[in-house]
Amino acid sequence: MRELLGTWVAALLTLMVFSYLISDNPLYRLAEHLFVGSALGYAIVVAIQDVLLPRLFTPLAQDPVTYWHLLIPLLLGLLLLAKGRVSTAWFGNVSVAFLFGVGGALAIGGALVGSLLYQVRDSMLPLLPGEGDGGRAIDNLILVVGTLGSLAYFYFTVGGERRTSGLRGGALRLGSIVGKWFIMITLGALFANAVMARVSLLVGRLHFLLSDWLRIV
Amino acid sequence: MKRVLPTAIAMATGFLVLLDFFFDNLYLNALGVTLINWVVIIAACALILGFLNVLAFHLRKIIQRQEGWLYSIALLVMAGTVLLGGLINLQGYRAPLVKAIFDYVQTPLQATIFSLLVFYMASAGYRAFRARNLETFLLVGACLVVLVGQAPLARYIWEQLPALKDWVLGVPATAGARGIVIGVALGSLATGVRLLVGFDRPYSE
Amino acid sequence: MLYCPHCGTSNREGSKFCNNCGELLPPSFEEGLPPEGAPPEPAQEPEWLQGLEGEAPWEPGEVLEGAEEEPEWLRELGAPAAEAGVDVKGEVAGEEGTAPWLEALAGLTEEASLEPLEKEGLLAGVKGALKVEPIFSTPHRVGEVAFSPLAGADQAARFEGIVSQPLAPVAVEERPRTRRKEVLSWLFYLILAGAVVGGILLAGGSINMPLTQATVDFYKTVESLEEGSVALLSHDYDPGTAAEITPQVRAIFDHLMRRGVKIVNLSLTPEGQALADRALEDVVSEHEGYLLGRDYINLGYVAGNEVGARFVAEGLRARLSPYPLGEGVGGLEDVDLVVVLAGSQEHLRRWVEQVQAPYKVAMVAGVSGQVDPAARPYYRSGQLKGLLSGLVGAAEYERVNQHPGIALSMMLPQAAAHLVIALFILLGNFAYLVESLGGRG
């Protein structure tokens, strides 16, 4: 019974959202607000149940002597809440600084070790064909050229078109032209995959309507 | 003091965690774990702060009878229902009401809202994906190869299409994506360093 | 070129004082006034005219009342010349304390007040109204004025013409085109939805679909796990991507449970832990003997993104110790495989950077389709030992596992939608081709 009622509610809400395709309308806006409300409430319930209760409140309540150091994150958390009002917002700066400091440090370490090191190392590929793997050599060449090219493209465009002259400038310009081609291919692939992802969502929704709700399939 | 203290905290904690990241030392590890544990707790408080902000925004809308205030009521009622539902028997998100709202309200709504985009992508495909020059030709070409190649019926259109799709994804697209990944990593590195030396202070207004 | 209104000498553009006589050159005109006899230049609307918004520094009719009391702004106009050291003494002709240009203004006004400049419009019937121009240019001796009084009238008339034009209504010609665009859009939506619905209705058995290397590598990695190994699954997705990732998760759970691997679940998103629970409930029912706490566990949500991932890596032992599953798990080094289920690029990158690289743990990923291109570099470099991509990846995995499920049954509508959208793109390019050929012909 609960499941039947739930299925009908879900189907109704699904149709309310789909009505946006015709035009923006009150049904869609209501559905949107219901979603935001439920997502918000749910995130808070989960944050309290899975993080704050077991990691902060319960240890402090059960054994404040051993867990006295948890008073610090408690204080920092309360200070953070002061960010809600403009007049007291500066109290929260310490907590935010703490978050940024730790997060920034991990971002440095992670970027260096996790991305840069491995990706640059893997770009140093054998370009000469070994025994019978000429195709692989070509692939490797394309990978190296493409990686360098797209980096040159970013250097050239994101950093502004610096007037680099001479051999270095010429190489950079050529690299950025080639890089643009590779970026275009990557963007095309990205779009195609994004379409694939959303299509799967649509298939899931329509399958739900036809199978779970209308029981046609 | 107002400005110095947060900067000092950001630099000190960042430096300690960075050392812990690269070096394996008992005391550093213990300190690092403690700091990280605290950040997890404070991050959960940040979620609550976000919730309070949204609450204040919508309450103001309702009190001032701004445009769409009725929807704000619906939003707050729904959020309140989930929160109160979690308090029943202190079951949290395993409470039947919260589970039901998650399964029959939140999940279908989020999935449907996100799936709407495919319609606009389809119509954008007709209007915007025009091969005007070499670059856009590469864009459209790669898009078509991957799009059709990913379709499970691809091999009935052209036998080599799945292999071509794999090649496009695995070689040129990977090369471009790798450039992006390296670029993003360099950016993160730069931003992190600027934070740690106190050059950037996003935490003080 | 700037022409001096006093002596007619041409000066370089941007000059403030005349090279010949030292008079202040008019600042308001980009091109100064040509001396008499020079070919008339087409009247250009000076900047001040365009920007004029009724902010007259003077009230009509009032300016020359009490001209002896030199207003502040008039006094200041004379100051730059004095500061520049230009000798303006020679120019003084008239009463002491009255600047010569002020006298010149008086002269002009007398002429002007005989006939109000405008009979209608903004400046209608304004007596004593000075021609707007002289106020903003440096005054000069009347006799040597190089401009015609009519020039001012011409400009004022033009100004009046501009402000008297009624506001033109926005052209409504676009309406039919917008309507046609809307109908075309609805047609696209209908065709797409129809293709998907048709695919769902027609879908019978599973399609014989090809496998990608990334999926095969994923399968081989899981297959190589021994009974009793520990796998850590991070469910970093939400209902927005669950349609793709939940089928992957189900297939992965099924495979892991068939291999007898212990499964530790957690999530860096609030919704992920609930979605993991749902999938677990479904799959565990097919595997008797798999017990909660001993063979699988759900540790719930961990806040903090990067910090959360690191927290999991460093604090795993403490978190698992209350459970039987935790016996023998000293930390991340005892985890044989980490499976990241990422709905977004950031989640995947987080795990690779914070856990895979520093701890050198074996990692595979199941990602939403849109994350796939960003995940490829990590797969290529060997940091990810396998990669499942979207619902299609889930279907491939079901196939390689020889355990068909929901994903395989959705492949026909998926394929139909892909082909329809590809057709739209081709159609658009065809239309563009026809347009450009038609335009040229």
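The values are calculated or read from the model by the stated rules, or taken from the named source; none is laboratory data. Keep in mind the model is a prediction, meaning the values are calculated, not measured. Cβ sites come from the backbone with ideal geometry, for glycine too, and all protein chains shown count toward neighbours.
Quick look at the numbers
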read-out: Pairs with Cβ under 7 Å, 6+ apart, first in the range C:390-411 and within 12 Å of C:Thr215 (Cβ to Cβ), second of a type in the set (A, V, I, L, M) and surrounded by fewer than 24 Cβ atoms within 10 Å (Cβ to Cβ); value: C:Ala395/C:Met209; C:Glu396/C:Met209; C:Glu396/C:Leu211; C:Arg399/C:Met209; C:Arg399/C:Leu211; C:Val400/C:Leu211; C:Val400/C:Val216
read-out: Residue in the range C:316-332 that is among the β-branched types (Val, Ile, Thr) and modelled with pLDDT of 90 or more present; value: no
read-out: Selected residue (criterion: nearest to B:Val82 (Cα to Cα)) from residues of the range A:44-102 that are touching a Gly at 6+ places or on another chain (Cβ under 6 Å) and at the interface with another protein chain (Cβ under 7 Å from one of its Cβ atoms); value: A:Val45
read-out: Residue satisfying all of: in the range C:206-234; assigned to a loop (DSSP other than H, G, I, E, B) and farther than 16 Å from C:Glu398 by Cβ; farthest from the other protein chains (Cβ to nearest Cβ) among these; value: C:Glu227
read-out: Per-region count, the range B:124-140, residues under 16 Å from C:Ile421 (Cβ atoms) and more than 7 Å from every other protein chain (Cβ to nearest Cβ); value: 2
read-out: Residue match in the range C:360-373 (condition: more than 9 Å from chain A (Cβ to nearest Cβ) and part of a helix (DSSP H, G or I)); value: no
read-out: Entirely in the range C:235-344, the strands (runs of 3 or more DSSP E) that have 2 or more residues that are within 11 Å of chain A (Cβ to nearest Cβ) and surrounded by 20 or more Cβ atoms within 10 Å (Cβ to Cβ); value: C:262-267, C:296-301
read-out: Single match in A:Leu34, A:Leu21 (criterion: under 27 Å from A:Arg205 (Cα atoms), of a type in the set (A, V, I, L, M), more than 9 Å from chain C (Cβ to nearest Cβ) and under 27 Å from the mean Cα position of the chain (by Cα)); value: A:Leu34
read-out: Condition met for B:Ala163 (without any contact (Cβ under 8 Å) to a residue 40 or more places away in the chain, assigned to a helix (DSSP H, G or I), more than 7 Å from chain A (Cβ to nearest Cβ) and of a type in the set (A, V, I, L, M)); value: yes
read-out: Test for A:Arg215: is it modelled with pLDDT of 85 or more, more than 10 Å from chain B (Cβ to nearest Cβ) and under 23 Å from B:Leu169 (Cα atoms); value: no
read-out: Condition met for A:Ala111 (out of contact with any helix residue (DSSP H, G or I) (no Cβ under 8 Å at 6 or more places or on another chain), in a helix (DSSP H, G or I) and on the phi < 0 side of the Ramachandran plot); value: no
read-out: In the range C:375-393, the residues that are under 31 Å from the mean Cα position of the chain (by Cα) and within 7 Å of chain A (Cβ to nearest Cβ); value: C:Pro377, C:Gly390, C:Leu391
read-out: Helices (runs of 4 or more DSSP H) lying entirely in the range B:24-118 (those with 3 or more residues that are within 9 Å of another protein chain (Cβ to nearest Cβ) and buried (at least 20 other Cβ atoms within 10 Å of the Cβ)); value: B:26-63, B:69-87, B:107-115
read-out: Helices (runs of 4 or more DSSP H) (entirely within the range C:374-441) containing at least 2 residues that are among the hydrophobic types (A, V, I, L, M, F, W, C) and over 21 Å from A:Ala189 (Cα atoms); value: C:406-409, C:411-440
read-out: Test: B:Ser188 is touching a residue at least 24 places away in the same chain (Cβ under 8 Å) and farther than 28 Å from C:Val216 by Cβ; value: no
read-out: Residue within the range B:191-202 that is within 9 Å of chain A (Cβ to nearest Cβ), under 24 Å from A:Ile138 (Cα atoms) and surrounded by 20 or more Cβ atoms within 10 Å (Cβ to Cβ) present; value: no
read-out: Residue match in the range C:383-400 (condition: among the acidic types (Asp, Glu) and in contact with a strand residue (DSSP E or B) (Cβ under 6 Å, 6 or more places away or on another chain)); value: no
read-out: Checklist (1) within 19 Å of A:Leu34 (Cβ to Cβ); (2) among the hydrophobic types (A, V, I, L, M, F, W, C); (3) in a loop (DSSP other than H, G, I, E, B) applied to B:Ala131, failing item; value: (1)
read-out: Filter pass, C:Ala214 being under 18 Å from C:Val361 (Cβ atoms), surrounded by 13 or more Cβ atoms within 10 Å (Cβ to Cβ), modelled with pLDDT of 90 or more and small (Gly, Ala, Ser); value: no
read-out: Out of B:Ala95, B:Ala128, sole residue that is without any contact (Cβ under 8 Å) to a residue 24 or more places away in the chain and within 30 Å of A:Lys180 (Cβ to Cβ); value: B:Ala128
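For every residue, the table says whether it meets (1) more than 29 Å from the chain's Cα centre (by Cα); (2) at pLDDT 90 or above; (3) closer than 28 Å to B:Asn53 by Cα.
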residue	(1), (2), (3)
A:Ser115	no, yes, no
A:Asp122	no, no, no
A:Leu128	yes, no, no
A:Gly134	yes, no, no
